[in-house]
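A short write-up of the structure that comes next.
Every read-out reported here was derived from the displayed coordinates using simple, explicitly stated rules and does not represent laboratory data. This one's a predicted model, so the numbers in the text were calculated from it and none came from an experiment. No Cβ is skipped: glycine too gets one built from the backbone with ideal geometry, and neighbour counts run over all protein chains shown.
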Amino acid sequence: MAVSIVSFGYKYGLPVGMDVVLDVRFHPESVLHPRAAPLTGNDPRVHEYVMAQPESKRFIDEVGRLFDFLIPLYQREGKSYLTVGLGCTGGRHRSPSSPAN
């Protein structure tokens, strides 16, 4: 099964074509740190900040368990792909695919 992960900002609305949407707005905003404002998720400092939060690893573990359960069920139903949306407030700091502007 091909799994695609699409990050987006809720302020821009939900993207079309998502099979599953997960809301990560519970996570502390890295943009609140003044030096993080101009950075994107491609910057290692943003990655370090996000992954240093206690809920980050737990979220990854929990979502991993969810998809360990779901993917075989989707495959059983004949699905060959799954598109997962991860939504945060702005879509810039938690996404390695965020635009630089």
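Worth pointing out:
- Each other residue within a Cβ distance under 13 Å of Val63 adds +1 if Lys or Arg and -1 if Asp or Glu, for a net charge of -2.
- Stretching Leu14 away from Arg65 to a fully extended chain increases their span by 15.9 nm, per 0.36 nm per residue minus the current alpha-carbon distance.
- As a rough guide to protection, the peptides 10-17, 82-89 ranked by mean Cβ packing within 10 Å, highest first, stand as 82-89, 10-17.
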